[in-house]
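Report on the structure given below.
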Amino acid sequence: MKPNTRTRLFGSLRLISRNKEALIGTVIVVGFILTASAVTLSNLFGIQLTPYNPIAQNVGPPLAPPSSAHLLGTDVGGRDVFSRIVVATPNDVAVSLVVVGVALAVGAMIGSIAAFRGGLLDEVLMRFTDVIFALPALVLAMAIGIVLGVGVTNMMIALMIIWWPPYARLARGEALRVAHQNYIEAARLSGIGTMKILSKHVLRNIIVTMLVYATLDIGTVILVYSGLSYLGLSVRPPQPDWGEMVSAYQDYMLTAPWLPIIPGSIIAMGVIGFSLLGDGLRDMLEAR
Amino acid sequence: MVKEVEPILQTTELSKYFPVKRGLNPFSKSKTFVRAVDQVSMTMWKGSTIAVVGESGCGKTTLARTIALLTKPTNGDVVFNGKSIVNGKTDLRLLYRDLQMVFQDPESSLDPNIKVGNTIGEPLEGLMGWGKEEVANAVEKSLAAVGLPPDCVDRLPGQLSGGQKQRVAIARAISPQPKLVILDEPTSALDASVQAQILRLLLQLQKDYTLSYMLITHNIAVAEYLSDFMAVMYSGNIVEYGLTEEIMAKPRHPYTIALIASAPIANPWKRNLLQVEIRGEVPSAINPPPGCKFNPRCPYAEGICTREIPKLQEVSPGHLVACHFVEKTA
Amino acid sequence: MGSLLRIEDLSVCYESTAGRVTALDNVSLDIRPNELLAVVGESGCGKSTLALSIIGLLPNPPARVLKGEVEFKGTNLVQLGQSRMREYRGTEIAMIFQEPLSSLNPVYRVGDQIAEAIMVKRSREEGHASVESDFMQKTHKVGPPPPKASRQLRYRGRMTSELKDKIIASLKLVRIPDPEQVMERYPFELSGGMRQRIMIAMALSQEPALLIADEPTTALDVTTQAQVLKLMKELMDKVKTSVLLITHDLAVACQVAERVAVMYAGDVVEASNVFDLFSKPLHPYTEGLLSCLPTGSKNKVELKPIPGSVPDLRHPIIGCKYTSRCPYAMKVCSEKKPDFIEAKETHEVACFLHGERSGTNPSNN
């Protein structure tokens, strides 16, 4: 690693460790991502990572409370809840990261081009952004569910279509601020073309604010996706998914309360983890 | 003083008007304009420094940016090195090899994420198309010329002081070895001791590289020190133009008189500031007063001043003043 | 020699994760009644910290007063708590800042804001120790609450003509044209020069004994600066106020000040009347500063910039802070810090080149 990058990375790690909330957030996020990666890899190689087969029925007595044999208990079909939770991790993690990643990239491009070109192009791009922004997530997702069918990938597509407008607006605002900086004019005086100015100077200077927003936003995607999954638009049982599990288990609230509470808590933890990380990131950058 | 009598840059009736949009319709054509630069004609001589002085809103920065074609002129002509550059066919890459600019705020002049060496080399890459080695050599020379140590190449702007940042900006501007450098308030954001260092550096560079400078400033002391010629701007117009020495000794336009009188002199026995009699404020750019824009504040204003904008006329060889009653200040 | 304000051995530091910066290092200064003292220095010298320390507006978490006194009319202001300090702030000691747009509340008309200043003064005159207000600090309630009538006067619709006349009078005092119109305007509708003049009007309406002006004209045009400074000087005499003018511009100080104090890296290095400072500067920094001001054409004047740069205040420095840039540096300069002593009549300096004026104070060297 180049010395400059190394110092900055260690500096960041030091800063994170000072801020307790950011530390908790990072731990949670890293835990989620590692779990998701592990599960995906194990799927690729056909290895079973979890103690029990997540979709196999009756691997234990039905509706058993958490015990040493079944860490999070079993559901009405005798399936191990812990295994199901673990195996469902890549869904939420992948969807949220991909959706936010795509929104960030698309938004940054649209926003910065609009800001720099100005005039008619700016108007057209921003009004288009407004139109997409007006589309409601749930309704669109349901429409896609009807047309293309349900499933994790389709829900991811639905969210990708409507998630980018706030990023475009943010990027445009930031790009406008940067556009007035003298180093942009100096770049023009150096014979650098507009597109190169955008990639060399503008993107690097707006990406920081956008990343902070994106990190905080990941939690929101998790929540919305879980909502879609709860409505049955994502996986089909017996495939596990946190939102779907909340929906399936909610009737057992009084008899086997761990069933609905656990997947709900995991979703909440995911949201909290990314939010804390995002807050920490913002504090770190403001301190700079 | 002036080494050659060849002009390096000439503007003829150069104007830049900004449309004022009213209402929400983005497609409506504006009827009102801000006349930021209003029919400015002036000449810059090779190897010399001209100071364009004025207060906020006078249009000096817009003038600089229009001359550098960073913004498109509305009307008028700019002739640089004998060729007109406003016809829209000018190859900017060639133009900027000879015409460069140093900006006011050292903080925003440099991209905070790009190393100093790369910033200084940017014009060489973009304008000359040089390879990495050639650029590195030239950057090393530029750093030495502005008095910065060679290890600055790998530093980021955040690690430099204001004065050092300004030196980097100057190094960047002179790296393509231009003929004319526009300096937009180069020392306004700097402390007095740093300002002195930068002013001395600018003089040295001018000698070593035979540069012509266009100095934009509101600081009369700096203008007097650095420049050979002076153009005083008020609300988009040049109101006085001539040799700096002559204007400082005997300003003729009522605004110039007030401006010079208001500049604080570092001498407690010459308390000019408390004698200044100027009333009113800089006029609105959208709704300027009719006729001579200075007339509401001018102690000599009479009838014609509210009807006609005065043209620049010679009061002595090379000394031009735009005033209907210039004889009153003789 | 009765001084209005006496600062003695004041030390203030800022603490951050990057370390501790000593912004003021054993600073001593005094201000006499009815004089304009200019404190001149470059960025980072501590002049703004000095101003904020006097008026008790130092940002409390990072800033800390380590030691020293600020004696105003017999009371040590440093030791007063916030509530007692409020009795002085805005009334006996007023302050105006560099950027008037952030000093004036943007959502209230200018006339209302001046009215408030007047109301505070009236409340104090009537013996009420407090006035409830939105944007001047709340003071501790002592005694019966102010009568209802004085509160109604603030609101535009029910403003009495007496109050309106007072507002117009204070606007006229600062030479604002069309005061009836201007008092109905919002701050953003006015120019920088007018806003600053309104700030002066508000500050002086209290008839404070001391007005602290922190770079009041730095953000203004040259001609506006001249108008504002001239106004300040004239009003000083009328209202019998002392002015502490903070500025980076030595030329401005030469134009309006009776006495000047020069600061460098947290120390006051020289203080004297303006004529002596200019003609016979004692401290090498003052000398350097004067010779790096452009005062004529490049063909006639040679600028002598001060080599080097201001030291990093995060690292404690032994000895005189100017040593690394001083053309007269001696061995003792990097070993001990020179005391701030009276080297000549009313001319104080902190430099080993100049000894104590014989017969006055015992030498501490």
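The values are calculated or read from the model by the stated rules, or taken from the named source; none is laboratory data. For clarity, every value in this text was computed on a predicted model and none was experimentally measured. Glycine also receives a Cβ, built like all others from the backbone with ideal geometry; neighbour counts cover every protein chain displayed.
Data for the structure
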quantity	calculated
Candidates A:Val178, A:Val208 - the one that is touching a residue at least 24 places away in the same chain (Cβ under 8 Å), within 14 Å of chain B (Cβ to nearest Cβ), in a helix (DSSP H, G or I) and surrounded by fewer than 17 Cβ atoms within 10 Å (Cβ to Cβ)	A:Val208
Residue under evaluation B:Leu70, criteria (1) surrounded by fewer than 19 Cβ atoms within 10 Å (Cβ to Cβ); (2) hydrophobic (A, V, I, L, M, F, W, C); (3) more than 11 Å from chain A (Cβ to nearest Cβ), criterion not met	(3)
Matching entry among B:Glu308, B:Glu327 (being away from chain C (no Cβ under 14 Å), farther than 24 Å from B:Glu224 by Cβ, part of a helix (DSSP H, G or I) and of a type outside the set (Phe, Trp, Tyr))	B:Glu327
Some residue of the stretch C:279-296 being away from chain B (no Cβ under 12 Å), out of contact with any strand residue (DSSP E or B) (no Cβ under 6 Å at 6 or more places or on another chain), in a helix (DSSP H, G or I) and touching a residue at least 24 places away in the same chain (Cβ under 8 Å)	yes
Failed criterion for C:Val260 (all others in (1) surrounded by 15 or more Cβ atoms within 10 Å (Cβ to Cβ); (2) out of contact with any strand residue (DSSP E or B) (no Cβ under 6 Å at 6 or more places or on another chain); (3) aliphatic (A, V, I, L, M) hold)	(2)
Index of the failed condition, C:Asp276 passing every other in (1) part of a helix (DSSP H, G or I); (2) within 10 Å of another protein chain (Cβ to nearest Cβ); (3) buried (at least 20 other Cβ atoms within 10 Å of the Cβ)	(3)
Residues within the stretch B:237-264 that are touching a helix residue (DSSP H, G or I) at 6+ places or on another chain (Cβ under 6 Å) and assigned to a loop (DSSP other than H, G, I, E, B), tallied	4
Condition broken by B:Leu148, with the remaining ones in (1) within 12 Å of another protein chain (Cβ to nearest Cβ); (2) in a loop (DSSP other than H, G, I, E, B) satisfied	(1)
Subset of the stretch B:169-197 [out of contact with any Pro (no Cβ under 7 Å at 6 or more places or on another chain) and part of a helix (DSSP H, G or I)]	B:Ile170, B:Ala171, B:Ala173, B:Ile174, B:Ala192, B:Val194, B:Gln195
Search result, residues across the stretch B:73-113 that are touching a residue at least 60 places away in the same chain (Cβ under 8 Å), polar (S, T, N, Q) and away from chain A (no Cβ under 13 Å)	B:Asn75, B:Asn81
Filter pass, C:Lys233 being charged (D, E, K, R), assigned to a helix (DSSP H, G or I) and touching a helix residue (DSSP H, G or I) at 6+ places or on another chain (Cβ under 7 Å)	yes
Qualifying positions in the stretch C:229-238 - more than 10 Å from every other protein chain (Cβ to nearest Cβ) and either crowded, with 24+ Cβ neighbours inside 10 Å or more than 17 Å from the chain's Cα centre (by Cα) (or both)	C:Met232, C:Asp237, C:Lys238
Which numbered condition A:Gly191 misses (of (1) within 14 Å of chain B (Cβ to nearest Cβ); (2) crowded, with 22+ Cβ neighbours inside 10 Å; (3) part of a helix (DSSP H, G or I))	(3)
Count - residues of the stretch A:114-142 that are surrounded by 12 or more Cβ atoms within 10 Å (Cβ to Cβ), modelled with pLDDT under 90 and part of a helix (DSSP H, G or I)	7
Given (1) closer than 30 Å to A:Leu176 by Cα; (2) touching a Phe, Trp or Tyr at 6+ places or on another chain (Cβ under 7 Å); (3) at pLDDT 90 or above, number of the condition A:Ile266 does not satisfy	(1)
Helices (runs of 4 or more DSSP H) enclosed by the stretch C:4-108 - at least 3 residues per element that are among the charged types (D, E, K, R)	C:82-88
Residue list for the stretch C:189-219, filter: polar (S, T, N, Q), surrounded by fewer than 22 Cβ atoms within 10 Å (Cβ to Cβ) and within 21 Å of B:His218 (Cβ to Cβ)	C:Ser191, C:Thr218
Residue in the stretch C:249-270 that is without any contact (Cβ under 8 Å) to a residue 24 or more places away in the chain, more than 8 Å from chain B (Cβ to nearest Cβ) and under 25 Å from B:Ser188 (Cα atoms) present	no
Unmet requirement for B:Gly158, which otherwise passes all of (1) in contact with a strand residue (DSSP E or B) (Cβ under 9 Å, 6 or more places away or on another chain); (2) under 21 Å from A:Ala187 (Cα atoms)	(1)
In the stretch C:205-223, residue nearest to C:Ile246 (Cα to Cα) [restricted to those that are at the interface with chain B (Cβ under 7 Å from one of its Cβ atoms) and not in a loop (DSSP other than H, G, I, E, B)]	C:Val222
Flag if A:Leu41 is in a helix (DSSP H, G or I) and free of Cβ contacts under 8 Å to residues at least 40 places away in the same chain	yes
Residue tally, condition buried (at least 18 other Cβ atoms within 10 Å of the Cβ) and assigned to a loop (DSSP other than H, G, I, E, B), over the stretch A:214-258	6
Matching residues, the stretch B:284-305, being within 20 Å of C:Leu190 (Cα to Cα), free of Cβ contacts under 8 Å to residues at least 60 places away in the same chain and in a loop (DSSP other than H, G, I, E, B)	B:Ser284, B:Asn287, B:Pro289, B:Lys293
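Each row is one residue, and each column tells you yes or no for (1) under 30 Å from C:Val174 (Cα atoms); (2) at pLDDT 95 or above; (3) within 12 Å of chain C (Cβ to nearest Cβ).
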{"site": "B:Leu190", "(1), (2), (3)": "no, no, yes"}
{"site": "B:Ser235", "(1), (2), (3)": "yes, no, no"}
{"site": "B:Ala258", "(1), (2), (3)": "yes, no, yes"}
{"site": "B:Gly280", "(1), (2), (3)": "yes, no, yes"}
{"site": "B:Pro288", "(1), (2), (3)": "yes, no, no"}
